[in-house]
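Shown next, in structure tokens, is the structure this report addresses.
The values are calculated or read from the model by the stated rules, or taken from the named source; none is laboratory data. Because the structure is a prediction, the values reported are computed rather than measured. Cβ: placed from backbone, ideal geometry, glycine included. Neighbour counts: every protein chain shown. Quick note on the areas: whole protein, heavy atoms, side chains included, nothing else; ligands and nucleic acids left out. Shrake-Rupley method; radii C 1.70, N 1.55, O 1.52, S 1.80 Å.
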Amino acid sequence: KEFEGNLDAKKQILEELKAYKPSENRPEAVKQLKEVISKWKEAGKVPRNAMNIDKDFNKILDEKFKAIDMDRQEAQRIRFENRVENLSDQGGERMLARERDQVRRKIDEASKELMQLENNMGFFSSAGSNNPLLKEAEKNIQQHKNMIEGLKEQVKMLNVKIREMQKAEESEDADDVE
């Protein structure tokens with residue numbers, strides 16, 4: 001029943017977000033969107049069969065971030081922070097560790113692709129700097145480097161959250177001993 005009530009609250013927040021028109025003042029709009037994210041978190045868990053409401057929320061949130069012309073990386077960071085909070089609420093440390101493993105796999109895959117792209121650059125040794133294929137390859141390399149940096153940042157966020165949860169758990173255990 002509690003989860004059903006939470007679902008109703010989240011549906012209301014979702015409707016408010018859909019109707020939200022970002023202000024012209026970008027910092028103010030970001031603050032308002034962060035407040036909506038906080039309300040979303042405070043609404044609590046929903047029944048398992050309604051978990052897709054989080055995806056809907058993130059999709060609409062993305063649209064609002066685009067509307068205020070927010071840097072894509074910053075929007076991704078804010079959204080990922082929201083995801084980390086949701087994971088810690090839903091499954092705790094175990095879910096966060098699983099997410100960290102998935103992000104690390106993505107880093108490995110992106111690193112392998114980056115090495116392949118950099119290796120392929122050797123084929124352009126005789127090409128002029130105006131060659132469109134060369135420019136495309138350089139752009140691809142930079143995109144992969146940026147993606148890897150973003151993924152590493154996500155791993156750091158996950159590690160911090162996991163450590164916070166472990167410390168909280170240790171302090172609870174210490175309180176229990178006393």
Original post:
Which ³J(HN,Hα) values in Hz, rounded to whole numbers, follow from the phi angles of region 113-123 under the Karplus curve 6.51 cos²θ - 1.76 cosθ + 1.60, where θ = phi - 60° and Gly and Pro get x?
Top reply: 4, 4, 4, 5, 5, 5, 5, 5, 4, x, 6
Subject >> HN-Hα J in Hz across region 133-138 - Karplus 6.51, -1.76, 1.60, θ = phi - 60°, x for Gly and Pro >> reply: 5, 5, 4, 5, 5, 5
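Let me know the charge dipole size of region 15-62 about its Cα centre in debye, to the nearest 20, where only the beta-carbon of Lys, Arg (+1) and Asp, Glu (-1) is charged.
Details: 11 positive and 9 negative charges, 36 e Å.
About 180 debye.
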Subject >> Length released on extending from Glu63 to Asn131, taking residue separation times 0.36 nm less the Cα-Cα span >> reply: 20.9 nm
Subject >> In sequence order, calculated HN-Hα J values of region 155-172 (Karplus, 6.51, -1.76, 1.60; Hz; x Gly/Pro) >> reply: 4, 4, 4, 5, 4, 4, 5, 4, 4, 4, 5, 5, 5, 4, 5, 5, 5, 5
**OP:** Between Asp56 and Ser23, with labels modelled 7 Å along Cα→Cβ, what's the label distance in nm to one decimal, could you check?
**Re:** 2.8 nm
Subject >> Per-selection metrics, region 45-110 (Cα): Rg and Dmax in Å >> reply: 13.5, 35
**OP:** Name the most mobile residue of Ala127, Ala29, Ala75, meaning the one with the largest mean-square fluctuation, in a Gaussian network model of the chain with Cα contacts below 10 Å.
**Re:** Ala127
Original post:
What are the residues whose amide H is under 5 Å from the amide H of Ile68, where those residues sit 5 or more places off or on another chain and H is modelled from the backbone?
Top reply: none
Original post:
Which one of Asn130, Met115, Leu96 is farthest out on the positive end of the charge dipole of region 67-178, using unit charges on Cβ (Lys, Arg +1; Asp, Glu -1) and the Cα centre as origin?
Top reply: Asn130
Subject >> the chain: calculated mean residue ellipticity at 222 nm from DSSP helix runs of at least 4, using -39500 (n - 2.57) >> reply: -30000 deg cm²/dmol
Subject >> Efficiency of FRET between Asp101 and Glu4 - r from beta-carbon atoms, R0 30 angstrom, step 0.05 >> reply: 0.40
**OP:** For Met115 and Met165, compute 0.36 nm times the residue count separating them, minus their Cα-Cα distance, and round to one decimal in nm.
**Re:** 14.4 nm
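Rounded to the nearest 20 Debye, what is the dipole magnitude of region 1-148 about its Cα centre when Lys and Arg each give +1 and Asp and Glu each give -1 at the C-beta?
160 debye
Which value, in Å², gives the accessible area per residue of region 28-130 when a 1.4 Å probe is used on the protein heavy atoms? Before the final figure, lay out the partial values.
Working: 6430 Å² over 103 residues.
Counting only protein heavy atoms, the per-residue value for region 28-130 is 62 Å².
Express the carbon and sulfur contribution to the solvent-accessible surface of the chain as a percent, rounded to the nearest whole number, probe 1.4 angstrom. Don't skip to the end; give the middle numbers.
Details: 5630 of 12050 Å².
It is 47 percent, rounded to a whole number.
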Original post:
Among all the aspartates and glutamates, which ones have a C-alpha under 15 Å from Lys139's C-alpha, if same-chain residues fewer than 8 places away are not counted?
Top reply: Glu113, Glu118
**OP:** With N set to the residue count of the chain, report its C-alpha Rg divided by 2.2 N^0.38 Å to two decimal places.
**Re:** 1.32
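Using a Förster distance of 25 angstrom, determine the FRET efficiency expected from the C-beta separation of Arg72 and Ile141, and round it to 0.05.
Numbers: r = 18 Å, r/R0 = 0.73.
Calculated value: 0.85.
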